[in-house]
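Below is one structure, written out as structure tokens, with a few remarks after it.
The values are calculated or read from the model by the stated rules, or taken from the named source; none is laboratory data. This is a predicted model, so every value here is computed, not measured. Positions of Cβ are generated from backbone atoms using ideal geometry, with glycine treated the same way; all protein chains shown enter the neighbour counts.
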Amino acid sequence: MARPQRPPPLTNAHASSHPDAASRLTVEQRNAIDLLILGQMDHAVAATVGVARETGCEMLVTLGALLADVPHTRPTRLTGTAIDPELIARLGLSHSRYEGPTGIVGVLHDACREAGMPSVSLWAPVPHYVASPPNPKATRALLERLSDVLSMPIGLGDLAEAAVAWEARVNELVGSDADIAAYVRQLEERDDDQIDEHDLPSGDSLAAELERFLRDQRPRD
């Protein structure tokens, strides 16, 4: 099926901002597993790996989202990548093959590789036509997969209800724009065709989508 042409994104009241982080690094040990590290990007990579070593962390996991041609009405299908073959086999991940411009996530995982620390990157594809956070549906999917990766329960609070409410709000927005409504139906049809053919997107295909996303972030001259 041909890739549907993207219409302009929906607009809503949400806006994202990224204020400069404080120059001081803050480390909070919440429990035996969870570390919260805040600070500037140029300090965070080395500090994160160092703190992880000092506190006996066995694995680093990053969570993220990327804009993709996916309908908001379907389950969020994650992609997970790693470098360590044992982790890839045990957790059903894909091998990271990306080469090119990257951000702090790529630098952080490369630093883990050099330090001999296992690391996993989990990504959720989110509809590009409603890209403004929050997206509790994607958040829930990421946390559920993280629970599997860590082999431990993670409390989801009211995320299930929030995900249902989010989808209902998006349905209203989509229903008010005929072009986007038609586009979403095309995405749903493509998704349904894949399900009918038992041809769900593989980890490799989602990883390729992630690689395209990372390439698109390269600054233009």
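In segment 47-66, the residues that are farther than 16 Å from L87 by Cα and touching a residue at least 12 places away in the same chain (Cβ under 8 Å) form Cβ pairs under 6 Å with partners that are surrounded by 14 or more Cβ atoms within 10 Å (Cβ to Cβ) and of a type in the set (F, W, Y), at six or more places apart or across chains, as follows: G64/W123; L66/W123; L66/F213. Tell me yes or no: at least one residue of segment 73-93 is out of contact with any Leu (no Cβ under 9 Å at 6 or more places or on another chain), closer than 21 Å to Q194 by Cα and either charged (D, E, K, R) or at pLDDT 90 or above (or both). Scanning segment 73-93 turns up at least one residue that is out of contact with any Leu (no Cβ under 9 Å at 6 or more places or on another chain), closer than 21 Å to Q194 by Cα and either charged (D, E, K, R) or at pLDDT 90 or above (or both). Checking the structure you have, find out if any residue of segment 178-187 is surrounded by fewer than 16 Cβ atoms within 10 Å (Cβ to Cβ), touching a Gly at 6+ places or on another chain (Cβ under 7 Å), at pLDDT 90 or above and more than 30 Å from G50 (Cβ to Cβ). Yes: one or more hits.
If only one of S119, S151 is farther than 17 Å from R77 by Cβ, in contact with a strand residue (DSSP E or B) (Cβ under 6 Å, 6 or more places away or on another chain) and not basic (K, R), which one is it?
S119
Quick one: which residue in Y98, Y129 is at pLDDT 90 or above and closer than 30 Å to Q186 by Cβ?
The conditions single out Y129.
Restricting attention to segment 137-160, the residues that are acidic (D, E) and under 23 Å from R90 (Cα atoms) add up to 2.
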